[in-house]
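One structure is given here, and the rest of the page talks about it.
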Amino acid sequence: MPRFSDTSLQNSKPSVDRKNRKKNVKNIKRTNDPAALEMLDYTIENNIITAFDRWSAQQPQCAFGYQGICCRICFAGPCRIKGLEGPGSMGICGAKDYTIVARNAIRMMAGGASAHSDHGRELVEVLYHMSEGKAPDYEIRDADKLKRVAKKIGLEIEGKTDIELAKEVALAAFEDYGRHTSEGTTFLKANLCEKRIKKYEETDTMPRAIDREVVEVMHRTHVGVDADPVNLIFGGVKCSLADLTGEQISTDISDILFGTPKPVMSEANLGVIEPDKVNIILHGHNPVLSQMVVDTARELEDEAKAAGAAGIQLSGICCTGNEVLMRNGVPIATSYMAQELAIATGAIDVMCVDVQCIMPGLRNVCECFNTKLVTTMPISKIPGSYHFSFEDSKAKQSAEGIIRLAIETYKARKESGRPVQVPQFKNKLMAGFSFEALLDLFAAINPDNPIKVLTDAIIDGEITGVCALAGCNNLEAVYEKSHTDIIKELAKNDVFMVGTGCVMQAAAKQGLMNYEAVEEYAGPGLKKFIDRLYEANKDKLPDKLPLTFHMGSCVDNSRIFNLWTAMANEYGVDVPKVPFVATAPEGMSEKAVAIGTWVIASGIPCHVGAMPPLEGSNLVWSVVTCIAHDVFGGNFILETDPQVAAQKLIEAVKYRAWKLKIHMKTAEEYGTDLCQAF
Ligand code: BF8
Ligand code: SF4
């Protein structure tokens, strides 16, 4: 059935009115994850306070903050927009709703860009120090990727050793943080298609340097600088593209140092915790330490056994968990919102955290169970926790210290005889789909042009298109239910799904990242496509392929960006023409705001299922949901009902596929080039 317009754009307001979104805190279905539900009952019985209780205590949340119309940028405030007219419709300085909403939004983007990019900077420093012989515990694990990255960013690779090349790549990355000229960031430009480079140059959104764009956002949002909401948002777009630069750097250098992921089997959910082993959870984002703990744990297995344990059981939470899952098959314990519930099992000896998405509330729960909370980064400490300061010059020593602390804690746990409560829920998963690993799967069918396997499957109507699953947990929604509802609906409609972050931990925990899920939920076309890929690759795969393809941590959204760019190049069009959509069903963090913004600036419609603080300005709302589409080809779809959201995503991706097919058919019929003006 042909479609003549993208209906996701026609009604940009969410289907549920804000006034009806207030929750009855006494009668709320908190999650559809059976392990988290069991632990929630247990924490309530035992009076252990978690994020779920604190969420209830916060209701009703401040409507000014919720809508983005509270300003605290100077301390003449805080100011709130109290009405549509009169002096109360502005802040003390005269800032209107649209200025306040836009300023708050782009400050969130700057926060997100800082987090992703500083994570990237840590990796660049490790690579640089390694090349100088000052980080002896690190090595180049993927020399091919090093050469590919070097070549892509325009370095001469002939006649250079890997170490020399590593140093040059590190220096090029450092330059992307602090360049003072305006030609654009190298790691971004090297990965964009030509038409997007032109678009960003025309709209003055090409980032010059990561640090510079963050600083510029902080400057232009200072009291009395930029009051124009459109100008502010374009500044935010530039900063979010700096965020993408930092993500690309993070992914590329992590792969060089720790290896590029390949398909790997593992398990997810709290059932992976083994009470008779020394249990260490790796939580946070940066693989520089977590990978070292994984490598060192293998060597210290005998010490754990000598202490009476059956071994060492590592598991992950959040994106450091995704990093070590993707490269080592380390199981996933749970995702962001349930991090305290993992401690409440009583079986965790050390919770080792680095940066980002670590709840300060962990400390109290750890105290109830004598779990050692170990912080590792100088910029991320929690009062009352242990701190093992991580330095790349003695990384292994830090990892050994953390593991030995866990072994000691295990002994004390066993001696105390305290009971544990580990929910017996876990699901099998296959992860490890880096962009390279996906291309490798396609290459078994078309070795000369692997990406054509995916692009042809859309044109032939076997699959509807591609959807990126990304983002966090947010108790604004029922924990993980939006994720699972949307995945099932997209699967039924033959949408091929790739993803990153906590949404993929939800998919894994709830059995949507294995072949059994393909059999249960995939539409006939999607099943045929996944089966076809498996048949061509079965000699080298550990199992049949999954329903959702895990591409890594949140910085690895750069892998998804590489995927849609390759598809655009293959079709010979700009990214907004590619049948590709994205969803963050439970977006929460500033990083998610930065990612969502560069997704729409790439030309991809992006659904967000927890309402960002934008509703206070109709003007800003219409810029991000409609006008962004006219300028960049992508737009936010802000919708809290997962079923309605799934339908909007399906409409958007079908519309793109239909339009592309018509134009390709016409070009073929008349023997012309593909028209670029559609
Ligand atoms: O960077 S998805 S809750 S863990 S922010 Fe945090 Fe959100 Fe999870 Fe990964 Ni991404
Ligand atoms: Fe109020 Fe203006 Fe200060 Fe914001 S910047 S707090 S609106 S006076």
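Tell me, which residue of the range 27-77 that is under 26 Å from the mean Cα position of the chain (by Cα) and hydrophobic (A, V, I, L, M, F, W, C) is nearest to ligand 1 (Cβ to nearest atom)? Out of the qualifying residues, it is A51.
Got a sec? Which of V575, V599 is in contact (Cβ under 8 Å) with a residue 60 or more places away in the chain, among the aliphatic types (A, V, I, L, M), within 16 Å of ligand 1 (Cβ to nearest atom) and buried (at least 23 other Cβ atoms within 10 Å of the Cβ)? When all the criteria are applied, what remains is V599.
If you go through the range 47-68 and pick out every residue that is within 25 Å of K509 (Cβ to Cβ), in contact (Cβ under 8 Å) with a residue 40 or more places away in the chain and out of contact with any Asp or Glu (no Cβ under 7 Å at 6 or more places or on another chain), you end up with 5. Test G634 against the stated conditions and say whether it is touching a Cys at 6+ places or on another chain (Cβ under 7 Å) and in a loop (DSSP other than H, G, I, E, B). It is true that G634 is touching a Cys at 6+ places or on another chain (Cβ under 7 Å) and in a loop (DSSP other than H, G, I, E, B).
Every residue in the range 520-529 that is in a helix (DSSP H, G or I), touching a helix residue (DSSP H, G or I) at 6+ places or on another chain (Cβ under 7 Å), surrounded by fewer than 24 Cβ atoms within 10 Å (Cβ to Cβ) and not charged (D, E, K, R), please.
Within the range 520-529, Y521, F529 qualify.
Take the conditions (1) part of a helix (DSSP H, G or I); (2) modelled with pLDDT under 95; (3) of a type in the set (K, R); R418 misses just one of them, which is (1). Scanning the range 30-76 for residues that are in a loop (DSSP other than H, G, I, E, B) and either modelled with pLDDT under 95 or away from ligand 2 (no atom under 14 Å from the Cβ) (or both) returns R30, N32, D33, N46, N47, I48, I49, T50, Q59, P60, Q61, C62.
Counting only helices (runs of 4 or more DSSP H) that sit completely within the range 530-630, those holding 1 or more residues that are in contact with a strand residue (DSSP E or B) (Cβ under 6 Å, 6 or more places away or on another chain) correspond to 557-571, 590-602. D228 meets all of the listed conditions (1) modelled with pLDDT under 95; (2) surrounded by fewer than 24 Cβ atoms within 10 Å (Cβ to Cβ) but one, namely (1). Considering G94, G120, G83, G112, the condition of being within 24 Å of V223 (Cβ to Cβ) and away from ligand 2 (no atom under 16 Å from the Cβ) is satisfied by G112 alone. Among the residues of the range 271-296 satisfying the criterion of being surrounded by fewer than 24 Cβ atoms within 10 Å (Cβ to Cβ) and touching a Gly at 6+ places or on another chain (Cβ under 9 Å), which is nearest to V420 (Cα to Cα)? Only one residue tops the list, namely P275.
If you take the residues in the range 199-220 that are part of a loop (DSSP other than H, G, I, E, B) and under 25 Å from the mean Cα position of the chain (by Cα), which one is surrounded by the fewest Cβ atoms within 10 Å (Cβ to Cβ)? Among those that are part of a loop (DSSP other than H, G, I, E, B) and under 25 Å from the mean Cα position of the chain (by Cα), it is R208. The residues in the range 190-200 that are more than 14 Å from A566 (Cα to Cα) and in contact (Cβ under 8 Å) with a residue 12 or more places away in the chain can be counted, and the count is 3.
Table: residues versus (1) at negative phi; (2) small (G, A, S).
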position	(1), (2)
C239	yes, no
I273	yes, no
N279	yes, no
G311	no, yes
V330	yes, no
A333	yes, yes
E340	yes, no
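Listed by first and then second residue, the pairs linking a residue in the range 643-657 that is without any contact (Cβ under 8 Å) to a residue 60 or more places away in the chain to a residue that is not in a helix (DSSP H, G or I), with Cβ atoms under 8 Å apart and 6 or more places separating them unless they lie on different chains, form an empty list. Among the conditions (1) aliphatic (A, V, I, L, M); (2) within 16 Å of ligand 1 (Cβ to nearest atom); (3) surrounded by fewer than 24 Cβ atoms within 10 Å (Cβ to Cβ), the only one that V223 does not satisfy is (2). Consider the range 342-373 and keep the residues that are among the β-branched types (V, I, T) and more than 12 Å from T409 (Cα to Cα). The one that is surrounded by the fewest Cβ atoms within 10 Å (Cβ to Cβ) is V355. If you filter the range 455-476 down to residues that are surrounded by fewer than 23 Cβ atoms within 10 Å (Cβ to Cβ) and among the aliphatic types (A, V, I, L, M), you find that the one that is farthest from M504 (Cα to Cα) is I459. The number of residues in the range 466-481 that are touching a Phe, Trp or Tyr at 6+ places or on another chain (Cβ under 6 Å) and within 17 Å of M567 (Cα to Cα) comes to 1.
For the range 578-594, the tally of residues that are surrounded by 24 or more Cβ atoms within 10 Å (Cβ to Cβ) and under 15 Å from N473 (Cβ atoms) stands at 7.
The values are calculated or read from the model by the stated rules, or taken from the named source; none is laboratory data. These numbers were taken from a predicted model, which means no experiment stands behind them. When we count neighbours, we look across all protein chains shown, and the Cβ atoms used for this are built from the backbone with ideal geometry, even at glycine.
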